[in-house]
Each structure stands twice: as C-alpha cells, then as structure tokens.
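The values are calculated or read from the model by the stated rules, or taken from the named source; none is laboratory data. Values in this document were obtained by computation on a predicted structure and should not be read as measured data. All Cβ positions, even for glycine, are placed from backbone atoms using ideal geometry, and neighbour counts span all protein chains on display. Calculation scope for accessible area: heavy atoms of the full protein, side chains included, ligands and nucleic acids excluded. Shrake-Rupley method; radii C 1.70, N 1.55, O 1.52, S 1.80 Å.
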Amino acid sequence: VTTPIAHKWETEFNKMGFAGNLNLDLQLSQQFGDKENTKLNAQVALAKNQIRWGNNPPAIISKGSLVVNENGLRKVDINGSFMGGPLLVKTNPNDENQTDIRADMDSTLLAELLAVNGDINPEFNQKILSGKIGLQGSLLTKRNENSLNLNLDLKSTAINLPKPFLKNAGEPLLGSLKLNVLSSSNPFIDWQLKIGNMLQTTGQASEDKI
C-alpha cells in the first residue's frame with residue numbers, strides 16, 4: 001500500500017475480495033540492447049466475476065474486458081450489476097482518457113456502503129433512503145489527475161427525513177457529484193455534492209486529514 005489514499009483507508013481496502021476466472025493475453029516487446037523502452041500489451045477477459053467489499057452485496061461482472069499497456073489502463077468495457085442494479089462502465093469511443101459510467105443502485109444498500117462511521121445507528125441509517133438512484137457520468141483521467149462527474153436521478157428515491165428533506169418516491173429530484181483526485185497536490189481530494197435545492201456541500205481531504 002503506497003498511495004496516501006490507500007494508506008488512510010487500508011483497513012477498508014483489506015475488506016475487499018475478488019472471485020472468478022480471467023483470461024490474460026500478455027505481450028512484451030523490447031528492441032535488442034534497449035532495456036528502458038519495453039512495450040506492454042495485456043488484454044484481460046472477465047466473465048462471471050465477483051468483487052466484494054466486507055459484508056456488502058458483491059459487484060457482479062457478467063462480461064468485461066480490459067486493455068493495459070505500459071502507460072496503464074487504456075480501455076475498459078464492463079457489463080454487470082452493483083448495489084442492487086445494473087452497471088455499465090466503458091471507455092468513451094471518442095476519448096480514451098474518459099470512462100463512461102451508467103448505473104441504477106438501491107439507495108438503501110448505497111447508504112449502508114457509505115456509512116463507514118460506526119457511530120451511526122444501523123437501523124436509523126437503513127431507513128433514511130429507499131428506492132433506486134440513477135447514476136450517469138464519466139471518469140476523466142489525465143496524467144496524475146482523476147475527475148469523476150456524475151448526474152444523479154432521485155425520482156424513484158424516497159428520503160425519510162423531516163422537512164425540508166422529506167421526499168416521496170415519484171417526485172422529481174436531480175443532483176450531481178463532482179470528485180477530483182490530484183495525486184501531485186495537497187489537498188489531493190476535493191468534492192462537490194448537490195441534491196436539488198435541499199443540499200449543497202463541498203469539501204477537501206489532505207494527507208494530514210480526511
């Protein structure tokens with residue numbers, strides 16, 4: 001574990017597990033006498049894999065593929081399910097640095113996943129949200145910067161909190177989430193979350209405090 005994020009969340013990362021088979025087609029090429037410029041091309045085929053975090057329901061990869069070269073991950077195409085709904089993750093055909101994301105998640109399961117603070121009453125946490133949350137957006141990766149932009153559709157979501165936060169399922173409600181990870185700066189994470197007119201929050205995390 002070497003990155004600041006991984007170090008801070010080492011306990012949580014240790015709860016993750018992977019199951020299933022994969023097929024790997026690996027090619028390495030190097031010109032004679034050139035020890036520094038090795039070319040790598042790896043193609044990974046996935047089918048019926050599971051990724052589990054603690055006791056949460058696993059993410060299922062029904063079918064997927066990854067392409068990796070010496071510069072890192074270059075292409076991803078994954079169809080599966082996560083948090084009680086379908087998940088699609090695919091490299092944008094017009095920009096290899098952009099990964100498009102679409103998902104429908106069970107809001108109750110998502111709330112349980114995000115509630116890593118043990119001080120929150122589990123029964124209270126389970127009753128806050130119910131119904132589905134639609135996610136659509138992209139992850140943009142350039143050099144040492146990663147930017148996640150998601151549009152949220154909470155029309156099918158019920159929010160069981162006192163007014164003005166109370167919301168019934170079927171009532172339109174949109175939101176957005178922006179998360180930037182800058183590995184070469186401090187703070188190295190900043191985020192913006194907006195849920196209609198009821199909630200807007202921003203924050204930062206540094207190596208010293210998350």
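For the reader, a short list of remarks on this structure follows.
- Screening Gln50 with (1) open to solvent by 70 Å² or more (accessible area, probe 1.4 Å); (2) touching a Phe, Trp or Tyr at 6+ places or on another chain (Cβ under 8 Å); (3) more than 18 Å from Leu24 (Cα to Cα) gives one miss only, at (3).
- Index of the failed condition, Asn186 passing every other in (1) at pLDDT 85 or above; (2) open to solvent by 80 Å² or more (accessible area, probe 1.4 Å); (3) farther than 19 Å from Ser107 by Cα: (1)
- All conditions but one from (1) loosely packed, with under 14 Cβ neighbours inside 10 Å; (2) at pLDDT 85 or above apply to Arg143; the one that does not is (2).
- Residue within segment 160-180 that is farther than 18 Å from Ser107 by Cα, touching a Leu at 6+ places or on another chain (Cβ under 9 Å), open to solvent by 30 Å² or more (accessible area, probe 1.4 Å) and among the basic types (Lys, Arg) present: yes
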